[in-house]
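The values are calculated or read from the model by the stated rules, or taken from the named source; none is laboratory data. Please read all numbers here as calculations on a predicted model, not as lab measurements. With ideal geometry, Cβ positions are generated from the backbone for all residues, glycine too; neighbour counts draw on all protein chains shown. Surface areas here come from the heavy atoms of the whole protein model, side chains and all, with no ligands, DNA or RNA. Shrake-Rupley method; radii C 1.70, N 1.55, O 1.52, S 1.80 Å.
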Amino acid sequence: MKSLKLNADYEMQLFSGKKGTPLINQSLEFLLFFLEKSPVYSLKKYSAEYLDYVEEITGHRPELTTVDETINYWGALKNLEIERWWNSKLTSTQLIIDQNWCPDTRIIRSSSDFLNLDDQKQYLLKDPYGMSGQKFSVIGPQLSSSEKILILETFLKRGEFIIEPLLNRTFDFSHYVYPNGETIYYQNFIDKKFQYGGTYFHDWSKAQVEELAFYPLISREEWDQNIKRWDQIHTYYHQYPNELGYSVDSFAYEENGKIKIRPMAEVNYRRTMGRISFELAEKFAQKGNQSLTVLVKNHNSPKPFWKILKEANKDWGKDVKVFALSPGDTRFDFIFISLSNDIDYKIIIKELKKLMPDGELSVEL
C-alpha cells in the first residue's frame, strides 16, 4: 500500500519546481493521523506518548513510513500545466477583469501600467503564485510617490502581478466544490496579514450558503447576484475536469454603509483547510453542531498544548468536544471544537485562552 504524503509545499513545487523544507510538510502532516488510516510518509519523529493520544481519540494508531512511494495528499502534481492554470491567481483575476466585476482590479505587466493607478486609493498587491496571504503588500496615500514606485518596481522584478482595491473586509468565507459536485460553504478567520487562522461552520451538517452565520446581514439581492457569479466561475473553471476538488475564496466588505460581496479572491485547486475542517467535523462532531478549527501560535512552551488540554481534564459539558491535533513542536497548534448551537463558541475560546501559556490565538474571534 502506498503511503500518503501531505505535500504542504504544493504551490512551491507547482510554480517553481522546488521542494520546500521538511518542516513545511511537517506543519500539517499530523492532520492525516486524524482523517486517514493509510500509512503516512514522514521524516519526523513523533513521541510514543503523542501517538498514544492520537489513538485514544481516533481509535487508530498512526502508521509512519520513510519509504517515499507516496500519493500526494494536498495537491496532485500530475498534470502540471492544468494545475498551474487552476491555481494561478492570474486565471481568477483575468475572469474578474473580463466580467467587469471590479474595474480597479488589474494585472500589472510593465511599469506603464502604474500610470492608471489612483493616488488617493489603497491597493492590495498580490503575487500570482504564492499561497494565501504570501507576498502581499499594500500601497496607498499613506506612502509617498517614490515609496509606492519602489514597492511596485520590486514586485515587477519578480514578474507580472495583481493589483486590486484594498476593501474594508468584514467576513471571509469560501465554498469548496468536490469532484462529485458536492459543495460546502464555510466562514474563515483571516488575520490582518491575510493569513489563515481557522474555519467556522454554524451547522456543519447543513454547510450551505444560507447557514453562514453572517448571511442575514447581507441583502438577498447581493447574495442572488453573487450566486450567479459563482455559477459563472464554476462554468469557466470546468472547461477542465475537476479531479481534485477546489475552493473559491470570497469575502464580504463594507462600502457606503452596505455590506457587499467580492465573489472571488482566489481559487485553490487542491485540498484546503476548509475541506479538512469539514471532514474533521464529519468524523468527530454531532449533526447540527457548530464546528471550529482554530490555529494557536506555538511559542514553544515546555509542554505541548494537547497535553495541557488533556491534563486539565476540563469538563466542557456533554454538548462540547475540544481537542488539539498538533504534536506541540510545529509552528502552529491546531484545535478542533464542536458544540451545540445553543452555546456561544466564544465562551469556549475564552476558556481555552486561560489554558494557553500566553493566552494568544492566531486571530481574534
Query raised in the report: Mind checking which residues of region 96-126 are open to solvent by 50 Å² or more (accessible area, probe 1.4 Å) and either more than 28 Å from residue 15 (Cα to Cα) or assigned to a loop (DSSP other than H, G, I, E, B) (or both)?
Result: 99, 100, 103, 109, 115, 116, 118, 119, 120, 121, 122
Query - Complete set of residues in region 209-236 that are in contact with a His (Cβ under 6 Å, 6 or more places away or on another chain) and not in a helix (DSSP H, G or I) - result: 213
**Report entry** Selection count where residues are open to solvent by less than 30 Å² (accessible area, probe 1.4 Å) and within 25 Å of residue 49 (Cα to Cα), scope region 280-303
**Finding:** 9
**Report entry** Residue among 272, 235 that alone is within 18 Å of the chain's Cα centre (by Cα), more than 23 Å from residue 357 (Cβ to Cβ) and among the polar types (S, T, N, Q)
**Finding:** 272
**Report entry** Residue identified as touching a Phe, Trp or Tyr at 6+ places or on another chain (Cβ under 7 Å), farther than 24 Å from residue 16 by Cα and without any contact (Cβ under 8 Å) to a residue 40 or more places away in the chain among 59, 140
**Finding:** 140
Report summary line: region 1-84: helices (runs of 4 or more DSSP H) wholly inside it with 3 or more residues that are crowded, with 20+ Cβ neighbours inside 10 Å are 10-16, 31-35
**Report entry** Selected residue (only one of 69, 81 is more than 26 Å from residue 235 (Cβ to Cβ) and charged (D, E, K, R))
**Finding:** 69
Report summary line: Those residues of region 237-264 which are hydroxyl-bearing (Ser, Thr, Tyr), surrounded by 17 or more Cβ atoms within 10 Å (Cβ to Cβ) and not in a strand (DSSP E or B) amount to 237
Query raised in the report: Just to be sure, is residue 276 of a type in the set (A, V, I, L, M, F, W, C), touching a residue at least 24 places away in the same chain (Cβ under 8 Å) and surrounded by fewer than 17 Cβ atoms within 10 Å (Cβ to Cβ)?
Result: no
**Report entry** Where residue 243 falls short, out of the listed (1) closer than 20 Å to residue 182 by Cβ; (2) over 21 Å from the mean Cα position of the chain (by Cα)
**Finding:** (2)
Report summary line: In region 288-318, residues that are modelled with pLDDT of 90 or more and in a loop (DSSP other than H, G, I, E, B) total 2
Report summary line: Within region 80-137, residues being at pLDDT below 95 and on the phi > 0 side of the Ramachandran plot number 2
Report summary line: Cβ pairs under 7 Å, 6+ apart or interchain, first in region 93-115 and farther than 23 Å from residue 153 by Cβ, second among the acidic types (Asp, Glu), ordered by first then second residue, are 102/164
Query - First in region 168-193 and under 19 Å from residue 269 (Cβ atoms) and β-branched (Val, Ile, Thr), second anywhere and open to solvent by 20 Å² or more (accessible area, probe 1.4 Å) and part of a strand (DSSP E or B), Cβ under 6 Å, 6 or more apart - result: 177/183
Query raised in the report: For region 85-95, what are the residues that are open to solvent by 40 Å² or more (accessible area, probe 1.4 Å) and part of a loop (DSSP other than H, G, I, E, B)?
Result: none
Query raised in the report: Can residue 312 be described as open to solvent by less than 20 Å² (accessible area, probe 1.4 Å) and hydrophobic (A, V, I, L, M, F, W, C)?
Result: no
Report summary line: Those residues of region 321-351 which are over 20 Å from the mean Cα position of the chain (by Cα) and without any contact (Cβ under 8 Å) to a residue 40 or more places away in the chain amount to 321, 322, 329, 342, 344, 346, 347, 348, 350, 351
